[in-house]
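Any read-out appearing in this document is the output of simple, stated calculations on the displayed coordinates, not a laboratory observation. From a predicted model like this one, the values you see are computed outputs, not experimental measurements. Backbone-built Cβ (ideal geometry, glycine too); neighbour counts: all protein chains shown.
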Amino acid sequence: MWPLASAGKLGAVLFQFPPWLLRNKQGHEHVAHCVERMDGYPVSVEFRNQTWWAPEHREATLRFEQELGVSHVIVDGPQGFANSVPQVWELTNPRLAIFRLHGRNTATWNVRGQTAASDRFNYDYSEAELSSFVEPIREIASEVDSIHVMFNNNFEDQGQRNARTLARLMGG
């Protein structure tokens, strides 16, 4: 990572924690350990377990991310699963916000044995769906030094096409 960081090309190290990482003492310790190992590098955190974002834990999770100095990853993905998390449009680091779009393909989200990982993320966002993100992105962008919007719907060229559409909708 040092070559990327020294060249100014490293936005952040993204830790996408698995669905089995619960919001408990061990979960907190594991996340803190990962962040400590990346000392000197910008870190972003994406949780895949609902326990972190349950209404009674939401504020504590955001405080935990702030205390660690990490960027909270705002997630768009399928809803209704144990490994679904809500969109939490909050900042935990004034330098960087990350919005990561996984698609909303509920049919393949947790299917095992797919021939390619991209099958899980086979989702083409509609223009209306992408339009719904414009104002929240602008609002977050006005409060942070930098925002990264990442499309993880990586089936064929869906992510690239969706990124172009979102850029156009944002006036870029």
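For 142, 126, which order do you get if you count the other beta carbons within 10 Å of each Cβ and list the fewest first?
On the way: 142 8, 126 12.
Lowest to highest Cβ neighbour count: 142, 126.
Working from the alpha-carbon coordinates of region 11-169, get Rg over Rh, Rh being the Kirkwood radius.
Values: Rg = 15.6 Å, Rh = 16.3 Å.
Radius of gyration over Kirkwood radius for region 11-169 works out to 0.95.
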Report summary line: Under the 7 Å Cα-to-Cβ spin-label approximation, residue 67 and residue 41 lie apart by a distance in nanometres of 2.4
Query raised in the report: Whose amide H sits under 5 Å from the amide H of residue 14, counting only residues 5 or more places off or on another chain, with H placed in the peptide plane?
Result: 44
Report summary line: Length gained if residue 7 through residue 56 is fully extended, taking 0.36 nm per residue and subtracting the Cα-Cα distance, is 13.5 nm
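Using helices alone, what [θ] at 222 nm do you get for the chain, with -39,500 (n - 2.57) per DSSP H run of 4 or more residues, divided over all residues and rounded to the nearest 500?
On the way: 5 runs with 56 residues, N = 172.
Result for the chain, helices only: -10000 deg cm²/dmol.
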Report summary line: By Cβ neighbour count within 10 Å, fewest first, 61, 106 rank 106, 61
Requested in this report: Compute the distance in nm between two label points, each set 7 Å from the Cα along the Cα-to-Cβ direction, one at residue 29 and one at residue 111.
Outcome: 3.9
Report task. Quote the relative contact order of region 76-167 in percent (integer), defining contacts as alpha-carbon pairs under 8 Å separated by 6+ residues. Result -> 35
Requested in this report: Would you mind calculating the gained length between residue 90 and residue 146 on full extension (0.36 nm times residue separation, minus the Cα-Cα distance), in nm to one decimal?
Outcome: 18.8 nm
